[in-house]
Amino acid sequence: MGENLAQNYGEVVAMVLFGIGFTNLLLQKNMIKKIIGLNIMDTAVYLFLAEKGYITGHIAPIIVNNDFSPDTYINPVPSGLVLTGIVVSVSVTALMLSLTIRLYRRYHTLDLDEVSKRLKKEGL
Amino acid sequence: MEIILNFPCISILLAMFSAIISSALNGKWAKYLNTFVVTAVGVLSAFTFWYTYTTKNSYTYVMGHYPAPYGNEIRFGSLEAGMALFFAVIMLLSLNGGRKKIRLEIAPEKEKLYYIMINLLLSSLLALVYTNDIFTAYVFVEINTIAACGLIMITEHGRTIEAAVRYMIMSLLGSGLFLIGICLLYDMTGHLLMVYIHSSITKIMAAGTYQIPLLVTIGLIVVGLAIKSALFPFHAWLPDAYGYSTVSSAAMLSSLVSKGYIFLLIKLIYRVIGFRRFYESGIVNVLFVFGLAGMIMGSLYAIRENDIRRMISYSSVAQIGYIYMGFGLGTSIGMVASIFHILSHAATKSLLFVSASGLTDVSGGHKEFQELTGAGYRNKAAGAAFTVGAFSMVGIPCFSGFISKLLFAQAAIQTSGKTLPTLIVLAISTVLNAIYFLKTVIRIYTPVKDDKYEAVSSGKNMLYLVTLVCFIVLNLALGMISQPITDWISYGVTALI
Amino acid sequence: MAQILLLPILFPIAAGIILLLCKEFKNRKPLLIYVGSVLVITGICAVFAMIQNINNGVAAFYLTKTLAIYFKPDVLGCVFASVVTIVWILAGFFSFEYMKHEKNEKRYFSFYLMVFGVLLGLGFSGNLITMYLFYELMTLTAMPLVLHTQSREAVMAGLKYLFYSFAGAYMALFGVYFVYKYGTTLEFTAGGVIESSVLRQNTTLFLVVTMLMLMGFGVKAGMFPMHSWLPTAHPAAPAPASAVLSGIIVKGGVLAIIRLVYQIIGPDFIRGTWVQTAWMILTLVTVFMGSLLAFREPVLKKRLAYSTVSQLSYILFGLSLLDGQAFTGSLLHVVAHAFIKAALFLTAGAIIYMTGCKRVEELRGIGKGMPVTLWCYTIVSLGLIGIPPTSGFISKWYLATGALETGIPVFSWLGPVVLLVSALLTAGYLLPITMNGFFPGEGYDAGRFLGKEPPLLMRVPLLIFAGLTLLIGLFPNVLINMLSALAELFV
């Protein structure tokens, strides 16, 4: 068990980071901290994917010297997934940030519970 | 007729490109383009549906140059095509029903953005329905979320912004779990295409390795999608989001967005995990319990509510509970019942939202019940449509809701051990539904002396009237000629694999 | 031409919907002519449909492959439909006069017509799912009649009615699912549709299901412990509507129970089980309690509603004995009670309409001013108590002898005793009105009621009901022969 963890330390770190990010996104009150949590969570997934795609001693799949042997290169698909994931996460983060700005302009607070209280008071 | 096989791909691309083109148009033309695209997608899906239904075959369509198992694929049978058709129809009706409100509630310079979001929503829904690649599914899940968020916050209102933020947070939690789930799945199986993952999983299971990680993965994916589709207790964002956004948004969010995720989950269950394995994993029991809890709690919340839109929203929580309860029964009949309920709920709930907007309009824009007194006389068409929707929700025979309840009950009776809880909760939930929906119907048909608000004649807004009639017909059709539909669904789920 | 069956069902429903959609009428005459002709035409259609198509089935359409909306009028259905037709038309003509002093006549009459069609549909329905459909529709379409005045009290009564009815209907639906699963067919078949081997394997399950369905349908028939909506809802409606609610709509529950027990589950399965015992206890409790509550109630319409609770359980008690003679008695009482209770409520309506009196103690001396009304009241009261030569006597005779004949320990003698006590109570709560009406004694306002005899349109229905009560009491043989044949088939 312990040996297994030590061998796959990259994945372990990724999972721990995912947990940290997830809890932050769920439990933080402050919107900015929530968004940071979201980014940690997404990054953890990329770390995980990159770790899975990497094969020790192999290089990035850019063909030089007509070397088509699969033993030379790492698996390119996870890298592609990471790139796609980054695009998605960037756009989601941008959306969240813009929403936060809207919220802040209106209520001058980053605390979502505070906003709810305010809304109740307004009776909207 | 080979050309029909291109239609699913074309419809996705059509919706997506129209979103891009719309950004260069003004609001009016964006509206026309959107109407055209939704109609076109409907027609294309109808052809695809007809073709797949008559040939009784599923087709795989390779996207790009790489063949399986590396490339990206679309795969469609009659169930997928039928769903796409249904989504397009509901979307068109919801938009038409709320067209006037869109003009009133959305700032003119933002109207174009609204239609961009709708095009994106359509393309992502179609992609969720058709795709055979789990990572593509993830990407479109996120696009769907962003588009839905846009639909919520397009009306400038404190509540909608708050609701949008809450919706985003919940959704992101869900998609985070979903993402890590599919990464783990990829890690274990080495594939991204659903069919190949399935065969790998079968091999893994036969070898007896990775049992627990596989279970965890299935759990992550299912829970992720359940959160996104607002299964109780992950529904906190729902009443604000549905209650304060513009009416078309509310109708589409409740009948399409959450259903898109659920349909993806159904595909994953059948095509990736395998129904048998899903059943044996025990996750069905979790879904079952949460589904039952949702059925009761959603209705209880709805009874307490004094705002008609929020009441209908809470009723969605209950209806989503029904669908997950059907999953939880763990039989294919239960699954058929759930899919039928997706259709029936989509048709009914958007009808309710659209007709409720007509009722609030003739009550000075108020959504509280005391102001709605007599609204059924002031807007006769909306009143009648709301009554039909309420009857369907309560489960009066001849309306669609009755058939789904009948199917759920039939499915429940065939299980061992889940029969009694299901039937009891079904009965309680139906009585609760009856309380709040019929209370509302009575309220809107209680005449008031010297009415404060003016009546409108239904002939004034033809588009609205026609939409309501279409919705009612759809509802009655689902209720009265359900046999071919259930036959189609039960054939369709077997063809998913 | 079996399709003619659909005509008396769909025609009044369509006519009602059309009326609902019409603009408000300027004067009453066209409205009354429309409603009157629809009532009469429907009545004629119903009679023709029954004569032509007795025991002929027709499927209107299919909900799913195995679920048909299917009509097949058997003798039971025809008896029910005939009673409905008679009471509906007479009470309809009564309301032409009565509704003068109520608002929203158009809405009242449109729903009145719709319920007529729905009830004929309920009578003609040939399988469980059709019956359930019309049962639900009956609840829904009758509701506007209950909350017609839309005072706060009426709306609350309507909601209570709705809640109880739906709770009951879903308890019943719960059972429908099981019958659908285990039964060979959903079509009503004498002796039951579930194979006895299946029943034997799942005895407990089916007993529970039967009990639930009994309680569920029993809600409509005001059976204890779900009876409390009835005394609230029935008096809240306008008098002619109360008459049909108490006279007919509650019988919908009875019809459903007969169908369930004798034609779906089968009496042999229930006989001697705890379900039968529990059912008998519930009905006897209801009989006694209803009479007692009626005895204490000062408001006339409420008193009559409590009396309905009690009388309905006479019928249910007869059914619960699962005996041929008692079954005949029950069905006789269905017919007798429908006419009697309709007449009683119409009397109460006529009194309210003419004098505005609602409480029993205000009615002293009423016989001086409204002799015809009070005589009708007295005749039907005697019928309800069970004094010869009225219809009530015949039905109660059959009920009591049937109970004694069965030889079920305790209940075979306890039943008749309770029925007797309740009959005394019935006399105690109905006859004082007659006595004080004709012999007011000293110190009452003699002029109050003078010349208050209701108009012809109200008097004639009352006279016809009173006449029918006597007629059945004097010449019961035709009806008894028909019903005994039915009883032999069923039990």
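Structure values in brief
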| quantity | calculated |
| --- | --- |
| Volume in Å³ per residue [convex hull over Cα atoms, computed for the protein assembly as shown] | 188 Å³ |
| Size descriptor, Kirkwood hydrodynamic radius, that averages inverse alpha-carbon separations across the range B:282-497, Å | 17.7 Å |
| Within chain A, helix-based [θ] at 222 nm, where runs of 4 or more DSSP H residues each add -39,500 (n - 2.57), nearest 500 | -25000 deg cm²/dmol |
| Residue-count net charge about B:Tyr114 - beta-carbon cut-off 15 Å; Lys, Arg +1, Asp, Glu -1 | +4 |
| Rounded to 10°, Cα long-axis angle of helix C:28-53 versus longest principal axis of chain C | 30 degrees |
| Calculated FRET value between C:Arg296 and C:Glu102, using beta carbons and R₀ = 41 Å, to 0.05 | 0.90 |
| 21 Å Cα-Cα threshold exceeded, pairs from C:Lys103/C:Lys251; C:Lys100/C:Lys251; C:Lys29/C:Lys368; B:Lys349/B:Lys405; C:Lys160/C:Lys181; B:Lys367/B:Lys439 | C:Lys103/C:Lys251; C:Lys100/C:Lys251; C:Lys29/C:Lys368; C:Lys160/C:Lys181 |
| Neighbouring partner chain Cβ atoms per residue of B:171-177, average, 10 Å criterion | 6 |
| 17 Å cut-off, amide nitrogen to a point 7 angstrom out along C:Ala190 Cα→Cβ, residues in the range C:37-78 | C:54-57, C:72-78 |
| Inter-label distance, nm, simple model (7 Å from Cα along the C-beta direction), C:Met482/C:Leu420 | 3.3 nm |
| Normalised contact order of the range C:125-176, rounded percent, pairs of Cα under 8 Å and 6 or more residues apart | 38 percent |
| Cβ crowding within 10 Å averaged over residues, with C:103-112, C:141-150, C:302-311 ranked highest first | C:302-311, C:141-150, C:103-112 |
| Charge dipole (debye, nearest 20) of the range C:1-265; +1 at Cβ of Lys and Arg, -1 at Cβ of Asp and Glu | 420 debye |
| Nearest-0.05 FRET efficiency for C:Gln3 and B:Met205, computed from C-beta distance (R0 56 Å) | 0.45 |
| Chain B: calculated mean residue ellipticity at 222 nm from DSSP helix runs of at least 4, using -39500 (n - 2.57) | -25000 deg cm²/dmol |
| Helix-only CD estimate at 222 nm, as mean residue ellipticity for chain C, using -39500 (n - 2.57) per DSSP H run (n ≥ 4) | -24500 deg cm²/dmol |
| Extension gain (nm, one decimal) between A:Asp111 and A:Ile32, 0.36 nm per residue minus Cα-Cα | 27.5 nm |
| Only Lys, Arg (+1) and Asp, Glu (-1) charged, at Cβ; chain B dipole about Cα centre in debye | 540 debye |
| Longest exposed-site-free window of chain B, the sites being GluC sites (Glu not before Pro) in a DSSP loop that have at most 14 other C-beta atoms within 10 Å | B:157-453 |
| Peptide C:132-138 - average C-beta neighbours from other chains (10 Å radius) | 3 |
| Point-to-point label distance, B:Ser457-C:Val285, nm (Cα→Cβ direction, 7 Å offset) | 5.9 nm |
| All aspartates and glutamates inside 12 Å of B:Lys101 as judged from Cα atoms, apart from same-chain residues fewer than 8 positions distant | B:Glu111, B:Asp361 |
| Debye log10 I(q)/I(0) at q = 0.08 Å⁻¹ for the range C:1-265, Cα point scatterers | -0.32 |
| Cα-based reach from A:Lys120 at 18 Å (exclusive), listing aspartates and glutamates while leaving out same-chain residues under 8 positions away | A:Asp111, B:Glu156, B:Glu162, B:Asp240, B:Glu305, B:Asp307, B:Glu368 |
| At most 10 other Cβ within 10 Å, DSSP loop - GluC sites (Glu not before Pro), the range C:395-491 | C:Glu442 |
| Separation of the B:Lys100 and A:Ser98 label points, Cα + 7 Å toward Cβ, nm | 3.1 nm |
| Förster-model FRET efficiency, 56 Å R0, A:Ile63 and C:Lys65, C-beta, rounded to 0.05 | 0.35 |
| Set of aspartates and glutamates near C:Lys220 by C-alpha distance (under 14 Å), chain-local residues within fewer than 8 positions excluded | C:Glu136 |
| Sparse-neighbour loop sites [chymotrypsin sites (Phe, Trp or Tyr not before Pro); the range A:1-77; at most 10 other C-beta within 10 Å; DSSP] | A:Phe68 |
| Taking B:His65, B:His235, A:His108 and counting other C-beta atoms within 10 Å, the order from fewest to most | B:His65, A:His108, B:His235 |
| Loop trypsin sites (Lys or Arg not before Pro), the range C:19-68, which have at most 12 other Cβ atoms in a 10 Å radius of their Cβ (DSSP) | C:Lys23, C:Lys26, C:Lys65 |
| Extension reserve of the B:Ile424-B:Asn285 stretch, reckoned as 0.36 nm per residue once the Cα distance is removed | 48.4 nm |
| Tensor-based shape of chain C (alpha-carbon gyration tensor, a/c under 1.5 rounded, otherwise prolate or oblate) | oblate |
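No value in this document is a laboratory result; all are computed from the given coordinates. Just so we're clear, the structure is a prediction, and the values are computed from it rather than from any experiment. As a convention, Cβ positions derive from the backbone with ideal geometry for all residues, glycine included, and neighbour counts pool all protein chains shown.
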